[in-house]
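Data first, discussion second: the structure below is written as structure tokens.
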Number of protein chains: 2
Amino acid sequence: MQLAIMGYGVVGSGVAEVLIKNHDSIVRRSGKDSMQLKYILDLKDFPDDPLHDRMIKDFNIILNDDEISIVVETMGGLHPAYEFVKSLLERGKSVVTSNKELVASKGAELLRTAREHRVNFLFEASVGGGIPIIRPISQCLAANVIEEVAGILNGTTNFILTKMIDDKLDFDTALRLAQKNGYAESDPTADIEGIDSCRKICILASLCFGYHVYPDQVYTQGISDVTLQDVAFAHKFGKVIKLLGMAKKLSDGRVTASVRPCLVDESGQFANVTDVFNSILVRGDVIGDVCFYGRGAGKLPTASAVVADVIDCAKHSDRTKIFGWNDAKENYVTDHLDDPCALYVRAQGDEKAILDLFPAAEIASSGGEFAFITDAASERELLAKLSRIPGVTVKSTIKVTDY
Amino acid sequence: MQLAIMGYGVVGSGVAEVLIKNHDSIVRRSGKDSMQLKYILDLKDFPDDPLHDRMIKDFNIILNDDEISIVVETMGGLHPAYEFVKSLLERGKSVVTSNKELVASKGAELLRTAREHRVNFLFEASVGGGIPIIRPISQCLAANVIEEVAGILNGTTNFILTKMIDDKLDFDTALRLAQKNGYAESDPTADIEGIDSCRKICILASLCFGYHVYPDQVYTQGISDVTLQDVAFAHKFGKVIKLLGMAKKLSDGRVTASVRPCLVDESGQFANVTDVFNSILVRGDVIGDVCFYGRGAGKLPTASAVVADVIDCAKHSDRTKIFGWNDAKENYVTDHLDDPCALYVRAQGDEKAILDLFPAAEIASSGGEFAFITDAASERELLAKLSRIPGVTVKSTIKVTDY
């Protein structure tokens, strides 16, 4: 069995490393006689790399080589990854990807293409790095109707929030530290503004609820507005601030999805997920809550997930795995503002005016500001109510979850 | 596709309930036209049960019915479950079980029988209730050489320890509360003495490391000797006491396995696993640490795992899933006392004598006793050292883990 890797960056080179390091056990588990890495496609040169004899620059060599039955796509980005993957599937080759942008934008379509050509399109590495999550959802929880899925899906932002919470670094300082440690890129927008988490919750929601949810349907808010004052107030309420991606099935069959900073309980499963770790919670009608935890990014953890998919492709070389991820439905994703929740509110002004509208609120004050947590109601109503409190200026609101 | 359930107790009736409740989505996911529950085998009568028309008492009806292709075994106990399962597999029927005693004692043999007859023997529900763990280990982490597996594997003991830690109930009171809540049986021995956890760590170790580990090879100690004094001392050291099942691959290829109370870090992943919840940590060479968390027992969570296996059997009706779980090797399991670790020690007598042997020890005193944590060394050496401290009586030792 021969394979190719497209994209020899961090993840791609990790995949090559794992394939070589654990070659024997991988071959044994795949039930094949051998597994050879024949080509590595990358536009860059790697003259000193021990695998440089396999490097190619022309995609068509892979496409036209009938010996290649599995291709690993670790290029990232939507183009040309999409065109490459699509034509490989049409040519009867299975594809394994770690590319969350590709899966979040084109998952339903590429799964359909794979099905039509009796090959596999697998993407375990696209969410949660090495944490097993795609397969557990699609197989182990198959007896459940899944009601909710939520998670700390981005290691960079979780590292920054951890430093703000544990070491009282402000956002900018924590971000610079993340960049210094190699956890954040020089342009950190995709991470800190929640775009990366948004792609991942799209993949999870599509898989859990059965119809494609697209990134532009998901309310997405990052962590750049979270202040140390918010962190301190949250602690007074026994809470911790985490950036969560969340999706929920409503009783009418529609779904709501969002990415935003949230308050979680200090004793809950998410609170102790620190540094670059990720955690994903799935709530099923039969099982209740199940959580998955581990390193959500990084060369080798992500490579671990890619290689597990490669083994699965090798084992299932004559059949297509069923994911139950269908094309989008109209009016399927609904506005997150209608979802009932409690809000944490940080404000300035007349504390007492709060008690007229929220008589049960416990108010904490510090540094000329105060904070409280509202009762649960639709977020739209709560925001309307908050906008008309005389003498009070709301500085920020953060969703309070039951996680 | 027709199936039978053997054993209509808590789990078996839960399986029937889930099969009926989520019938349509289960059929869709299994890729079959239908899935009918044809027989329920139980020696008891259930005259008022809505499914009483399917009740039978003669096992041979199932064995000899060629329409039955999948049988769910939720009888528990080794006999006659073992004989029944063995003959069903030999007759070409796939078997799904939640019976940890059966899998821990006969797993390798029954997997071999299944392979020889080209059917499946699946047991996701035997560890961690509904938490997906067997399939993630055997599939998602397939790119890894697994180095360690450890977990809070028993909900009853975790509930008792939680009550001791959070509510300062002593062991006997906490046990009675567990019994009152239906979490502990009237004879709680299998839970509190670690026998249940032992069976589960055998299954996990066999699966992770490739060769059968039997319950009698595993050092097993329960929680009945843990005192509130231990809980309080542990807290002073920033630790929490949990009953862990642990197995580890040594550099010489052998493994060590044990079940015992352990000290875990208050900020670690195990510390926040409270009440009847379970959590399992897998440490792989590529992925690092991955954790799985959820309800480790209970009717519906366990049924969820059984039904996921039923769906998998239906999808794989023409091939045997490979687990890489082989018959036991000689001298494969080695003594846990040679494994290096630090020990928590509770003692009475001359505190100062401790500092001669453990100069770096931080000593906490309370109620005429004192406690400290040793340096890391082989447990055998540490116990020898502790036995010869003049003027000191050691009351208890508890392993300190890095989890």
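The values are calculated or read from the model by the stated rules, or taken from the named source; none is laboratory data. Quantities reported herein were computed from a predicted structural model and do not represent experimental measurements. No Cβ is skipped: glycine too gets one built from the backbone with ideal geometry, and neighbour counts run over all protein chains shown.
Structure notes:
- Among the residues of region B:1-45, the ones that are within 14 Å of another protein chain (Cβ to nearest Cβ) and of a type outside the set (Val, Ile, Thr) come to 18 in all.
- Selection within region B:274-305 - part of a helix (DSSP H, G or I) and more than 8 Å from chain A (Cβ to nearest Cβ): B:LYS299, B:THR302
- Of all the listed residues (B:GLY128, B:GLY155, B:GLY151, B:GLY92), the sole one being free of Cβ contacts under 8 Å to residues at least 40 places away in the same chain and more than 20 Å from B:ASN326 (Cβ to Cβ) is B:GLY92.
- Looking only at region B:306-322, residues that are assigned to a loop (DSSP other than H, G, I, E, B), within 10 Å of chain A (Cβ to nearest Cβ) and of a type outside the set (Val, Ile, Thr) come to 4 in all.
- Residues of region B:352-377 that are at pLDDT below 95, part of a loop (DSSP other than H, G, I, E, B) and surrounded by 18 or more Cβ atoms within 10 Å (Cβ to Cβ): B:PHE358 alone.
- Among the candidates B:SER87, B:SER138, residue that is part of a helix (DSSP H, G or I) and within 14 Å of another protein chain (Cβ to nearest Cβ): B:SER138
- Meets criteria (part of a helix (DSSP H, G or I), of a type in the set (Lys, Arg) and within 29 Å of the chain's Cα centre (by Cα)) for B:ARG380: yes
- Only one of A:VAL95, A:VAL72 that is within 27 Å of A:ILE195 (Cα to Cα), buried (at least 21 other Cβ atoms within 10 Å of the Cβ) and within 14 Å of chain B (Cβ to nearest Cβ): A:VAL72
- Any hit, region B:225-241, residues being over 16 Å from B:LYS399 (Cβ atoms) and crowded, with 21+ Cβ neighbours inside 10 Å: no
- Residues being farther than 24 Å from B:GLY129 by Cβ and among the small types (Gly, Ala, Ser) - total across region B:87-103: 2
- Options B:ALA308, B:ALA234, B:ALA314, B:ALA247: the member that is within 22 Å of B:GLN139 (Cα to Cα), over 23 Å from the mean Cα position of the chain (by Cα) and at pLDDT 90 or above: B:ALA314
- Residue match in region A:193-211 (condition: touching a Cys at 6+ places or on another chain (Cβ under 7 Å), part of a helix (DSSP H, G or I), more than 14 Å from chain B (Cβ to nearest Cβ) and of a type outside the set (A, V, I, L, M, F, W, C)): no
- Within region B:18-57, considering residues that are charged (D, E, K, R) and within 21 Å of B:LEU78 (Cβ to Cβ), the one surrounded by the fewest Cβ atoms within 10 Å (Cβ to Cβ): B:LYS44
- Region B:18-39, residues that are in a helix (DSSP H, G or I), in contact (Cβ under 8 Å) with a residue 60 or more places away in the chain and more than 16 Å from B:PRO50 (Cα to Cα): B:ILE26, B:ARG29, B:SER30
- A:ARG176, sole failed condition from (1) surrounded by fewer than 19 Cβ atoms within 10 Å (Cβ to Cβ); (2) touching a strand residue (DSSP E or B) at 6+ places or on another chain (Cβ under 7 Å): (2)
- Of the numbered criteria (1) touching a helix residue (DSSP H, G or I) at 6+ places or on another chain (Cβ under 7 Å); (2) surrounded by 12 or more Cβ atoms within 10 Å (Cβ to Cβ); (3) farther than 16 Å from B:SER13 by Cα; (4) free of Cβ contacts under 8 Å to residues at least 60 places away in the same chain, the one B:GLY77 fails is (2).
- Only one of the numbered conditions (1) more than 14 Å from chain A (Cβ to nearest Cβ); (2) not in a loop (DSSP other than H, G, I, E, B) is not met by B:ASP48, and that is (2).
- Unmet requirement for A:SER258, which otherwise passes all of (1) over 19 Å from B:ASN144 (Cβ atoms); (2) modelled with pLDDT under 90: (2)
- Sole residue being of a type in the set (S, T, N, Q) and over 15 Å from the mean Cα position of the chain (by Cα), chosen from B:GLN221, B:GLN217: B:GLN217
- The single condition from (1) within 14 Å of chain B (Cβ to nearest Cβ); (2) modelled with pLDDT of 95 or more; (3) under 19 Å from A:LEU243 (Cα atoms) that A:ARG346 fails is (1).
Yes/no matrix, rows are residues, columns are (1) of a type in the set (A, V, I, L, M, F, W, C); (2) free of Cβ contacts under 8 Å to residues at least 40 places away in the same chain; (3) out of contact with any strand residue (DSSP E or B) (no Cβ under 7 Å at 6 or more places or on another chain):
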| site | (1), (2), (3) |
| --- | --- |
| A:ASP265 | no, no, no |
| A:ARG283 | no, no, no |
| A:VAL290 | yes, no, no |
| A:VAL307 | yes, no, yes |
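- Residue match in region A:325-341 (condition: touching a Leu at 6+ places or on another chain (Cβ under 9 Å) and within 30 Å of A:LEU37 (Cβ to Cβ)): yes
- When region B:141-167 is limited to residues that are under 16 Å from B:ASP275 (Cβ atoms) and not in a helix (DSSP H, G or I), the one that is farthest from the other protein chains (Cβ to nearest Cβ) turns out to be B:ASN154.
- Tally, over region A:255-283, of residues that are acidic (Asp, Glu) and more than 26 Å from A:GLY182 (Cβ to Cβ): 2
- Qualifying residue in region A:8-17 (condition: aromatic (Phe, Trp, Tyr), surrounded by 15 or more Cβ atoms within 10 Å (Cβ to Cβ) and not in a loop (DSSP other than H, G, I, E, B)): no
- Selection count, region A:243-259, where residues are closer than 15 Å to A:ASN154 by Cβ and either within 14 Å of chain B (Cβ to nearest Cβ) or touching a Gly at 6+ places or on another chain (Cβ under 7 Å) (or both): 4
- Test for A:GLY294: is it farther than 21 Å from A:GLU116 by Cα, under 19 Å from the mean Cα position of the chain (by Cα) and surrounded by 22 or more Cβ atoms within 10 Å (Cβ to Cβ): yes
- On inspection, A:ARG54 does not qualify as basic (Lys, Arg) and under 25 Å from A:ILE322 (Cβ atoms).
- Check on B:GLY268, more than 30 Å from B:ALA347 (Cβ to Cβ) and either within 13 Å of chain A (Cβ to nearest Cβ) or not in a loop (DSSP other than H, G, I, E, B) (or both): no
- Unique residue being farther than 20 Å from B:GLU193 by Cβ, of a type in the set (Gly, Ala, Ser) and more than 12 Å from chain A (Cβ to nearest Cβ) when the list is B:ALA114, B:ALA125: B:ALA114
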